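Beneath this line is the structure, given in structure tokens, with notes to follow.
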Amino acid sequence: RDYLARALGIDIAARVDHKETDARAGDILVFTTDGVHDFLKDGRIIALIREHENDLDAAARAICDAALEAGSDDNVTCQLVRIVSPGEPDEAAWLKRMAALPFPPPLEAGNVIDGLRIIREIHASSRSQVYLAEDSETGRKVVLKTPSPNYSDDPAYIERFMREEWIGRMVNSPHVAKIIRRRTPRRFLYFCMEWVKGQTLRQWMDDHPRPPLEEVRCIADQIVRGLRAFHRREIIHQDLKPENIAIDADGTVKIIDFGSAHVASLEELKLPVGEHGPLGTAGYTAPELLQGARPDKRQDIFSLGVIVYEMLTGRLPYGRPLETARQATRASYVLARKHNSAVPRWMDMALRKAVEKDPARRYDTMSAFLLDITRPNPKFSREVGAPLLQRDPERFWKWLAVLSLLLNVILAVLLASAGS
């Protein structure tokens, strides 16, 4: 006699056969008992589904009726499921699928890749190429980013490149460049972003060496809105700088590059992050990252403070980029008013707090920083009259050391004179 050896309840644990396969919107999954698929060929089942494509219940009944007509003497059951939307794949599965794609060939104007016609190259570096392209599906212009062939055998680089697209899919804000999702399947590793028709913040700064304070505040506010979208997803940008920010023709500010971002969920999944030393750009990277500190929202606040300082002065707050932990230890904040007398004292103190080398003394929220560069903080007024030891302990001890050295020199001279 035949019996179901793996039926529920026969054994302590049920063993279930399963199969993983990619699914797309519009796919139809067919589930049948052997009373159906033992008596009908696949082609016949597919034909019946196509006859009733707009009514899957009718298609399932037609399949069962056809099985009975074919002489089925077993249980006849059929279920059809149409995929409306496959949803978002989990991070690990998505990264694995993308990593299997080959690098695209070198591209130039006129080339077509997966329905994307290359118009021109926007930017190229040792790490990636960026092109302006036209999407044949929609007719709109998009930005196409491809990985550098220099890293085709570097798994850590490939993962970080793919992660930028993943982050763009997860983050939703009018102040973050959107990832373009296309219907055409990809044959190569690349991704598409919205084209921000305008200029980078760096170009804007070059064109506006002494911008009005209110305009600087407006730009800072929009950058903060974009950063908040990252932070809500527990993502730290880590490489905020003028080159990674764009301003369109309407004055809307967007963060356009997030390839160095730190994603907390990757640590939870225990995926390799491939980070060799601190990421980011010297001058905009918080000093604690140079010492191996864990990514933190306050590091993005440091970068934001540097950008606002630079918009107002055209300089960096510590005079030069902090490239090593030793440089960071020795550097001192240069008052913004020294370079731009239009910067109020209270605003200068807010900038100083935003770029504090010690993260514990830095702002812990971006909203507090925005508020303090918009209107005077009474606390700063009290600090102006406070002793130097409270206002700037580092400078106090430096001056004390210099004074001590001078006193020692004078004392040595006096002793030498007395001895002679």
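The values are calculated or read from the model by the stated rules, or taken from the named source; none is laboratory data. A quick note: this is a predicted structure, and the numbers were derived from the prediction, not measured. Note that each Cβ is placed from the backbone with ideal geometry, even for glycine, and that neighbours are counted across all protein chains shown.
What the table below lists for this structure:
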| read-out | value |
| --- | --- |
| First in the stretch 45-59 and part of a loop (DSSP other than H, G, I, E, B), second anywhere and surrounded by 12 or more Cβ atoms within 10 Å (Cβ to Cβ) and not β-branched (Val, Ile, Thr), Cβ under 9 Å, 6 or more apart | HIS52/ALA58; HIS52/ALA59; HIS52/ALA60; HIS52/ARG61; HIS52/ALA62; GLU53/ALA59 |
| Evaluation of ALA328 against (1) assigned to a helix (DSSP H, G or I); (2) in contact (Cβ under 8 Å) with a residue 60 or more places away in the chain (one fails), failing number | (2) |
| Count of the stretch 331-362 residues which are in a loop (DSSP other than H, G, I, E, B) and under 17 Å from VAL216 (Cβ atoms) | 8 |
| Given (1) part of a loop (DSSP other than H, G, I, E, B); (2) at pLDDT 95 or above, number of the condition ILE119 does not satisfy | (1) |
| Selection within the stretch 76-132 - among the hydroxyl-bearing types (Ser, Thr, Tyr), without any contact (Cβ under 8 Å) to a residue 40 or more places away in the chain and loosely packed, with under 12 Cβ neighbours inside 10 Å | SER125, SER126 |
| The stretch 206-235 residues that are in contact (Cβ under 8 Å) with a residue 60 or more places away in the chain and surrounded by 14 or more Cβ atoms within 10 Å (Cβ to Cβ), paired with ones that are in a helix (DSSP H, G or I) and of a type in the set (Gly, Ala, Ser) (beta carbon under 8 Å, 6 or more apart) | VAL224/SER367; ILE235/ALA264 |
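Okay, residues lined up against (1) in the same structural domain as GLU215 (by TED's automatic domain parsing); (2) under 13 Å from the mean Cα position of the chain (by Cα); (3) at pLDDT 95 or above:
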| position | (1), (2), (3) |
| --- | --- |
| ILE245 | yes, yes, yes |
| GLY251 | yes, no, yes |
| ILE255 | yes, yes, yes |
| SER265 | yes, yes, no |
| GLY277 | yes, no, no |
| LEU290 | yes, no, no |
| ALA293 | yes, no, no |
| PRO321 | yes, no, no |
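Yes/no per residue for (1) touching a Ser or Thr at 6+ places or on another chain (Cβ under 8 Å); (2) assigned by TED's automatic domain parsing to the domain that holds GLN129; (3) surrounded by 15 or more Cβ atoms within 10 Å (Cβ to Cβ); (4) farther than 23 Å from ALA124 by Cβ:
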position: SER152; (1), (2), (3), (4): no, yes, no, no
position: ILE167; (1), (2), (3), (4): no, yes, yes, no
position: MET170; (1), (2), (3), (4): no, yes, yes, yes
position: SER173; (1), (2), (3), (4): no, yes, yes, yes
position: LYS178; (1), (2), (3), (4): no, yes, yes, no
position: ARG181; (1), (2), (3), (4): no, yes, no, yes
